[in-house]
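Peer 1: This is the structure I want to talk about, given as structure tokens.
The values are calculated or read from the model by the stated rules, or taken from the named source; none is laboratory data. This structure is a prediction, so every number in the text was calculated from the model and none was measured. Cβ placement follows ideal geometry from the backbone for every residue including glycine, while neighbour counts extend to all protein chains displayed. Note: areas computed on protein heavy atoms with side chains; ligands, DNA, RNA excluded. Shrake-Rupley method; radii C 1.70, N 1.55, O 1.52, S 1.80 Å.
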Amino acid sequence: MASVGRSQILVWMGAVACLGQSLRSGRSVLPSTPHKLAAARSLDGIQASNQFRRNSLISKPLTTSSRSRALTTLNGAALGGIWEAYLATLSEYPLPTKMVTSGVLSASGDALAQAIEFNDNPKPYEFRRSLVMATIGLAFTAPLLHMWYGGLHHFFFEGLGREWLAAAGLSSKLPTTLALLAADQLLFSPIATVLFFMMNGIGTSLAAFDFNLMPRIRAVNETLRREYWTTMINNWKLWPAAQLLNFFFVPLQFQVLFSNFVGLIWTCYLSLAAYRRQPTGPTAAAATAI
């Protein structure tokens with residue numbers, strides 16, 4: 001009897017141990033018959049599936065956030081690579097790079113102007129007009145600014161202008177920047193504005209394969225009479241502050257680029273002014289020819 005009692009005690013102890021292990025592992029306690037063993041495995045599969053679903057629901061926002069961060073990193077790396085390539089090209093081919101940049105931004109400014117005009121007067125997009133503006137930016141604006149800024153810096157930082165400022169006790173950076181600004185806005189801008197309207201008028205004729213330039217020149221004169229002083233006043237509302245930042249903070253090699261980005265807004269205005277139609281009056285026909 002004692003041996004049987006000890007055997008029963010061992011059996012019960014084994015059963016209790018098995019029960020504890022099963023409870024710790026999260027499994028149901030089922031006898032190990034083939035059918036019931038299969039049922040236990042099926043139950044384990046259901047529990048695992050439910051746990052997988054819960055884990056998926058919990059981890060999904062994290063996965064989306066991780067993908068967003070990865071995409072942001074990749075986009076930043078791509079933009080950084082483009083900027084580095086641009087800087088390398090600008091360093092090796094400064095003038096051609098500035099010309100292409102100016103052409104693209106000038107065309108963009110005209111496209112913006114045409115979009116503004118479309119709100120008041122829906123009409124088809126004039127690709128030829130944007131081509132003229134792009135050509136002016138590429139072949140006229142960028143080379144002119146490249147030479148002007150280079151000459152201006154040489155004059156005031158290395159040449160006679162530096163000696164004048166030093167003699168007047170104004171050789172620090174701020175007086176030099178203000179001298180650059182005064183020369184740019186009082187000498188360069190009035191002449192450049194006239195040249196722009198002339199180039200735009202002649203370029204519009206040539207783009208239309210119209211080589212009879214005299215009517216176009218008369219139309220340009222009318223446009224200048226109508227738009228010049230308004231254009232100059234608006235120029236002085238925008239450019240002095242922009243050029244003060246440009247000359248004071250921006251390195252010389254990036255000053256044309258800075259002017260081009262500010263010029264995106266200015267080109268939009270110039271395009272609106274150059275292609276503005278006179279609604280009435282004896283000069284309407286000449287203005288319409290622009």
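Peer 1: When each pair of different Cα atoms in the stretch 136-201 is counted once in the 1/r mean, what is the Kirkwood radius in angstroms, to one decimal? Each step should come with its number before you reach the end.
Peer 2: Working: mean 1/r = 0.0773 Å⁻¹.
Kirkwood hydrodynamic radius for the stretch 136-201: 12.9 Å.
Peer 1: I've got another one for you. Taking every pair of distinct Cα atoms and averaging 1/r, then inverting, what Kirkwood hydrodynamic radius in Å comes out for the stretch 79-201?
Peer 2: Roughly 17.0 Å, rounded to one decimal.
Peer 1: Once you put a point 7 Å from the Cα of Met214 and another 7 Å from the Cα of Lys123, both along the Cβ direction, what distance in nm separates them?
Peer 2: Taking the two extended label points, one gets 2.7 nm.
Peer 1: With only alpha-carbon pairs counted, each pair once and no self-pairs, how large is the Kirkwood hydrodynamic radius of the stretch 137-259 in angstroms?
Peer 2: Answer for the stretch 137-259: a Kirkwood hydrodynamic radius of 16.2 Å.
Peer 1: Let me ask something additional. Of all the accessible heavy-atom surface of the stretch 141-272, with the other protein chains kept in place and a 1.4 Å probe, what percent is carbon and sulfur?
Peer 2: The value for the stretch 141-272 is 74 percent carbon and sulfur by accessible area.
Peer 1: I'd like the accessible area for Glu227, computed on protein heavy atoms only with a 1.4 Å probe and all protein chains in place. Round to 10 Å², please.
Peer 2: Counting only protein heavy atoms, Glu227 exposes about 10 Å² to solvent.
Peer 1: Now for a separate question. With r as the distance between the Cβ atoms of Phe249 and Ser172 and R0 = 22 Å, compute the FRET efficiency 1/(1 + (r/R0)^6) and round to 0.05. Don't jump to the answer; show the numbers that get you there.
Peer 2: Working: r = 15 Å, r/R0 = 0.69.
The value I calculate is 0.90.
Peer 1: Follow-up. To the nearest Å, what is the center-to-center distance of the stretch 77-152 and the stretch 241-276, using C-alpha atoms only?
Peer 2: If you average the Cα positions of each part, the centres end up 11 Å apart.
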